[in-house]
Amino acid sequence: MPRFVPTFALLVPALLAPLPATADTPPGLTGFAPERQEAQHAYEAELRDTVDPERLAAWHDTTSSRPHVAGSPGDAALVEALAAAMTEMGLEVEKQELWLYLPHFVAAEVEVVTPERVTLDLQEAAFPEDPFSGHPELLPGWNAYSGSGEATAGVVYVNRGTKQDFARLAELGVEVAGKIVVARYGGNFRGYKAKFAEAAGAVGLLMYLDPKDYGYVRGLMWPEGGWANGTMIQRGALLTLPYPGDPLTPGVAADVPPTADGAPAYGDGHLSPMEVKMPSIPVQPIGWQAASEILSRMRGPVVPEEWQGGLPFNYRLTGGEGLTVRLRVEQHRRPTRTWNVVGRLAGERYPDEEIVVGCHHDAWSFGAGDPNAGTIVVLEAARAFAAAARAGQRPDRTLLFAHWGAEEQGIQGSVEWVEANVERLRDGAVAYVNLDMASMGPRFRGSAAPPLARSIREAAKAVASPVEGAGTVYDEWKGRSDGEPQLGALGGGSDHVGFYGHAGVPSAGFGGGGSEGISYHSNYEDLAWYRAVVGSDYVSAKMVTEVVVTLASRLAEADLVPLDPAGYAAGAGERLSELAAAVGEGERRTAIEQLVAQAAEVERAWLNAGEEAAAKLAAGGLGGEALIAANRRLRQADRAWLNERGLPGRPWYKNLYAAPDADSGYAPWLLPGLTARVEGEGDDAAFAATVEDYRQALERLGKVAEGVGERSGEEGEGGEP
Ligand SMILES: [Zn+2]
């Protein structure tokens, strides 16, 4: 970005007004030299002003008018539309072709066999109020990577099918082996319900949305209200491998076409399907009306109180002698082509330093919520930056706007892209911002790697909340918080996983929520539902896009990238104290307490380095090579957590700071390697080795802090460019 106050700043003085800038107190944008602050305020105000709710609605029409499951014709058409839209904006567009081992729906049947034959519906009802609900390309409910097969058996209700639920059933003496089990959604990633059911010897699994969690107990049902009616089905994938991405290519890009007869390619590092543990029992999602046909006929002992759902009868643990159910699922797994689509706006000064903003493009049906409530934000943010670039204002660092393939099938496209570009990302990536379902309501929330939390809060202060009279997004967010609003820790479940867990790129996922209802992964996830439940005014999408362009422009323009690695040491210290308390007295405790002390030292080092660098920047004493080196150190702080051996039992996950937890798949684990050891994995030698890994990671993090504020040294003499 050039160093002049662009002309549009003169045209939009009103937009500058809400910022706390006066003649005496400069507005204090973190990481900007004093003389560049005004230009940045003008630039980001112009970007925010470009964001247009009508364009957001139009993007939504473009992306959500046809079902687009990964690998389907609808998805290929959407890929073309996304590439065309970004090309028209003036971005350089790259389509990365992928060959992923994806499952395809073939058939599914569920029926009650005895005491009477009842065939169950496996697809959502169509309503005249929802013109999308009768689309001919919509599929019945299915869980991707279910086993193919058929089972006829008695029934066991397993509550949510968590590890604890199956343990409870064993305690209660309920035999799960040989049975078809019924689980309600919620509590863990659905893949673990299937994994635990199969491990317990079940011959099939049915999953449904209980009305207590998702239906009439919560509120009016679709199409009258937003909640799950009796036919709403949550689709979703079941993989629980120790790595995300294409199941046959952990660690390498899945870009090799299949053999002539359609079998998977065997490139370097590729596995055969026989080597990969995928579900083998049939698994089928159903609506609560269908579930009720089974649950209401159960005659066994009554469930523990907290297992009772919202259907109007007592839930039972077992079906009893008289109840049998038949389940048949057929899916075909084969190499399938899809694409990542990435639009690039090259940075003017530091083209090798990249900020990636992304969301997946595949969906279970129309995807109006998941993912397109985020896709429209990516597109509109790209349009705002591209328009500014055409008007002469290019970013200093490179911005990438990404649409990932096959996220729903196991976070595949983004992971393959990260695997293909891992060296480049570890060197130059500043941050990844994930926007899956980012505009589902007006109330801002999110999760982030600690170094990004401060910048996200600051960006939220520059954007007006769509909630009447609430002030800025930050004010509204703070009003719902206890003190300073917090960003959660990043778990699994979306496209940040490759960036954060494998490449060590600080990542965040945020957006607006707070609407009343759910259509997640159902055939009702369409524009009719979104516009009735979230709104047709697109004010929440506008809000999120404004936060994104503010944050991304600051990351792209700041002299000193506004990452805050002290947050890592603080977060690590807190988590280490919890772990120390959890291991009791003894050598293990002493070892962890040493890490607590080390983390405190590293935090001080980063706080000092940050203050020193900020002071030098303010005084005009940080520039040229010294500035470039300081920015490299800020980026390298994240890479300090990378360990080439990876986590215990999960070598693909290289980031020792955070990972999805190993038993539920969604929840974040901080310091996952040490957490696994504290939870009892491995012997004393393994424990000591993991403690040593963390000691070294903290040492690396501390070392990177040295020199961030230095004017000269091995990197050469500083000076204003
Ligand atoms: Zn999604």
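The values are calculated or read from the model by the stated rules, or taken from the named source; none is laboratory data. Every value quoted in this text rests on a predicted model; they were computed, and no experiment measured them. Please note: Cβ atoms are built from the backbone with ideal geometry, for glycine as well, and neighbour counts cover all protein chains shown.
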- Note on the structure: Requiring at least 3 residues that are hydrophobic (A, V, I, L, M, F, W, C) and within 22 Å of the chain's Cα centre (by Cα), the helices (runs of 4 or more DSSP H) wholly within region 516-633 are 539-557
- Query: Between a first residue in region 45-71 that is within 26 Å of F105 (Cβ to Cβ) and a second residue that is of a type in the set (S, T, Y), which pairs have beta carbons less than 6 Å apart while being 6 or more apart in sequence or on different chains?
  - Reply: T63/T375; P67/S365; A70/T338; G71/T336; G71/T338
- Query: Does E423 fit the bill of being free of Cβ contacts under 8 Å to residues at least 24 places away in the same chain and closer than 30 Å to G71 by Cβ?
  - Reply: yes
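Just checking, how many residues over region 636-654 are part of a helix (DSSP H, G or I) and either in contact with a Leu (Cβ under 7 Å, 6 or more places away or on another chain) or buried (at least 24 other Cβ atoms within 10 Å of the Cβ) (or both)?
Residues flagged as part of a helix (DSSP H, G or I) and either in contact with a Leu (Cβ under 7 Å, 6 or more places away or on another chain) or buried (at least 24 other Cβ atoms within 10 Å of the Cβ) (or both) within region 636-654 amount to 2.
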- Item | Tally, over region 655-688, of residues that are in a loop (DSSP other than H, G, I, E, B), within 18 Å of the chain's Cα centre (by Cα) and surrounded by 23 or more Cβ atoms within 10 Å (Cβ to Cβ) | 1
- Quick one: in region 408-449, which of the residues that are surrounded by fewer than 24 Cβ atoms within 10 Å (Cβ to Cβ) and part of a strand (DSSP E or B) is farthest from the ligand (Cβ to nearest atom)? R443
- Query: Looking at L323, L311, L327, which is the one that is more than 16 Å from the ligand (Cβ to nearest atom), in contact (Cβ under 8 Å) with a residue 60 or more places away in the chain and closer than 30 Å to G74 by Cβ?
  - Reply: L327
- Task: Please work out which one of (1) modelled with pLDDT under 95; (2) at negative phi; (3) not basic (K, R) is the condition G620 fails and give its number.
- Result: (2)
- Condition check for R695: among the basic types (K, R) and in contact with a helix residue (DSSP H, G or I) (Cβ under 8 Å, 6 or more places away or on another chain): yes
- Item | Residue count for region 371-407, restricted to those that are surrounded by fewer than 24 Cβ atoms within 10 Å (Cβ to Cβ) and within 12 Å of the ligand (Cβ to nearest atom) | 0
